[in-house]
Structures are given as C-alpha cells and as structure tokens.
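Let me begin by presenting the structure, written as structure tokens, before commenting on it.
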Amino acid sequence: MHEPPGLAQVPTGAWIRLPAERWRHIRERLPEVEPYAGDVPITLQTPDRILEGDAGAWMAVRRLQTGAHVHKFLVVVYRETSNTDGFVVTAYIARRLNPERRVLWQA
C-alpha cells in the first residue's frame, strides 16, 4: 500500500494536508491513483497548472510521465481554508482537461 506524505506546499504558499482518511477514500474509490501516491505531493508542489474547480476548490494538474497512464493527467483537487492551510478533497487520472475551466496559475 502506497502512502503519500501528508503535507505539501502549493505555489500560492499554502500547506495542503492529505489526511490518512482522505487517502483511504481516494484509494478505495479510485484505485488507479494508488500507484501515483508519490506524484500527489509533487503535483501539489510543482503543478503544470492550477485550474478553478467547483465550489471554491482548486485543481493542481500535472501530466504523468511514467506508468500505465503515461501522457494522461493527475488531478489533485484541494481547498485552501486560509492563506497558509488547506486539504486534499480527491485525486484522479484524466485523459483530457476541460478547456472551459479557468487557469488560475501556470508554470
């Protein structure tokens, strides 16, 4: 069982938590994400871009370079609860990104 680190800093400066309960939820509902556990904090720290999510969430996006999903995207959805704190909502693999989502930050 892969376990990502529980904390990563996003480009805005906030520290995003990934509680064990959230990671269990992601692993159970989206098992294809588990092999990319180590990519979750990397995606938060150095995303290719951050998109506007639903209901105030943000979406850190990074193109996968290895594994069974090469050239797809790892999307880590998170919420910032303050300028310095936040938490992961979910993470998933996407074949393509919705072009209608607003880009909030880009590398």
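No value in this document is a laboratory result; all are computed from the given coordinates. Small disclaimer: the values here were computed from a predicted structure and weren't measured. FYI the Cβ positions are ideal-geometry reconstructions off the backbone, even for glycines, and counts take in every protein chain you see.
So in the stretch 1-58, with the set limited to residues that are part of a helix (DSSP H, G or I) and among the polar types (S, T, N, Q), which one is farthest from residue 100 (Cα to Cα)?
45
Output the residues belonging to the stretch 68-97 that are touching a strand residue (DSSP E or B) at 6+ places or on another chain (Cβ under 9 Å), of a type outside the set (A, V, I, L, M) and in contact (Cβ under 8 Å) with a residue 24 or more places away in the chain.
69, 73, 78, 80, 84, 85, 86, 87, 90, 92
For the stretch 41-50, indicate whether the set of residues that are polar (S, T, N, Q), under 16 Å from residue 107 (Cβ atoms) and in contact with a Leu (Cβ under 9 Å, 6 or more places away or on another chain) is non-empty. Show your work before the answer.
Step one: list which residues in the stretch 41-50 are polar (S, T, N, Q), which gives 43, 45-46.
Next, only the ones that are under 16 Å from residue 107 (Cβ atoms) stay: 43, 45-46.
Of the ones still in play, those that are also in contact with a Leu (Cβ under 9 Å, 6 or more places away or on another chain) are 43.
Yes, the stretch 41-50 contains a residue that is polar (S, T, N, Q), under 16 Å from residue 107 (Cβ atoms) and in contact with a Leu (Cβ under 9 Å, 6 or more places away or on another chain).
Going through 76, 61 one at a time, which residue ends up being part of a strand (DSSP E or B), touching a Pro at 6+ places or on another chain (Cβ under 6 Å) and on the phi < 0 side of the Ramachandran plot?
61
Would you call residue 46 under 16 Å from residue 16 (Cα atoms), surrounded by fewer than 15 Cβ atoms within 10 Å (Cβ to Cβ) and within 13 Å of the chain's Cα centre (by Cα)?
yes
Considering only residues that are farther than 16 Å from residue 31 by Cα and of a type in the set (Lys, Arg), look in the stretch 62-93 and name the one that is surrounded by the most Cβ atoms within 10 Å (Cβ to Cβ).
Ranking the candidates gives 62 first.
In the set 106, 65, which member is without any contact (Cβ under 8 Å) to a residue 12 or more places away in the chain and out of contact with any Leu (no Cβ under 6 Å at 6 or more places or on another chain)?
65
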